[in-house]
Amino acid sequence: MIHANRSPRLRRIALSVACLTVACLAMSATALAATVIHFETESLPTLEAQLQHGQVHALSFHPAATTGHIHVSLNDGKHMTVAYAGSEQVHVIALANAAGTPVVIAKAKPKTAAKKPAHKLRYIAAGILVIVIIVVLAVLLIDRRRKLNEGGGEGAGEGAPAASSGEQT
């Protein structure tokens, strides 16, 4: 009987907390499920054979002073990285052009003195989680106080009619 008489305000608060929780979980899941490509190592002769057989989707060269590396995207969805000497770059680009494979040569980014926080998304997700926990605890505390107030008032009210009905009989 006590639960059937809940206030609409409490229901709205509980529904709001539930919606907020679902939204926070969806945002944190999206942030944590960011696509990360894992490159497997392979050799330059293997890459040349894959280029000749048309198995390569795209190449991205990352040159360095002496040796660089190539990020290879294969048609089957795999990603490889290949180390190469600076003198081999022209040869590999010629093979890629002959196979009709797109080639991108990456430019080095200038290094900055101040680094950004590496785990910014983790801090955001943790902050959202703390806020959700605080809101849930506040709703539970309000509900508990309401139930305690209702319990004291209804207990005295129920005892009086029972005694009066006993006197009438």
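The values are calculated or read from the model by the stated rules, or taken from the named source; none is laboratory data. As the structure is a computational prediction, the values presented were derived from the model and not from experiment. Quick reminder, even Gly has a Cβ in these numbers, built from the backbone with ideal geometry, and neighbours come from all protein chains shown. Please note that ligands, DNA and RNA were not included when accessible areas were found on the heavy atoms of the full protein model with its side chains. Shrake-Rupley method; radii C 1.70, N 1.55, O 1.52, S 1.80 Å.
Filter region 1-31 down to residues that are over 13 Å from the mean Cα position of the chain (by Cα) and at pLDDT below 65 and give me whichever is surrounded by the most Cβ atoms within 10 Å (Cβ to Cβ).
Among those that are over 13 Å from the mean Cα position of the chain (by Cα) and at pLDDT below 65, it is 6.
Taking (1) closer than 30 Å to residue 72 by Cα; (2) open to solvent by 90 Å² or more (accessible area, probe 1.4 Å); (3) modelled with pLDDT of 85 or more; (4) of a type outside the set (Val, Ile, Thr) in turn, residue 99 satisfies each apart from (2). For residue 159, work out the one condition from (1) in contact with a helix residue (DSSP H, G or I) (Cβ under 6 Å, 6 or more places away or on another chain); (2) modelled with pLDDT under 80; (3) not polar (S, T, N, Q) it doesn't fulfil. Status for residue 159: all satisfied but (1). Looking at region 108-120, can you tell me whether even one residue there is modelled with pLDDT under 90 and either part of a helix (DSSP H, G or I) or closer than 30 Å to residue 12 by Cβ (or both)? Yes, that holds for at least one residue. Of the residues that make up region 40-58, is at least one of a type outside the set (S, T, N, Q), modelled with pLDDT under 80 and open to solvent by less than 70 Å² (accessible area, probe 1.4 Å)? No - not one qualifying residue is present in region 40-58.
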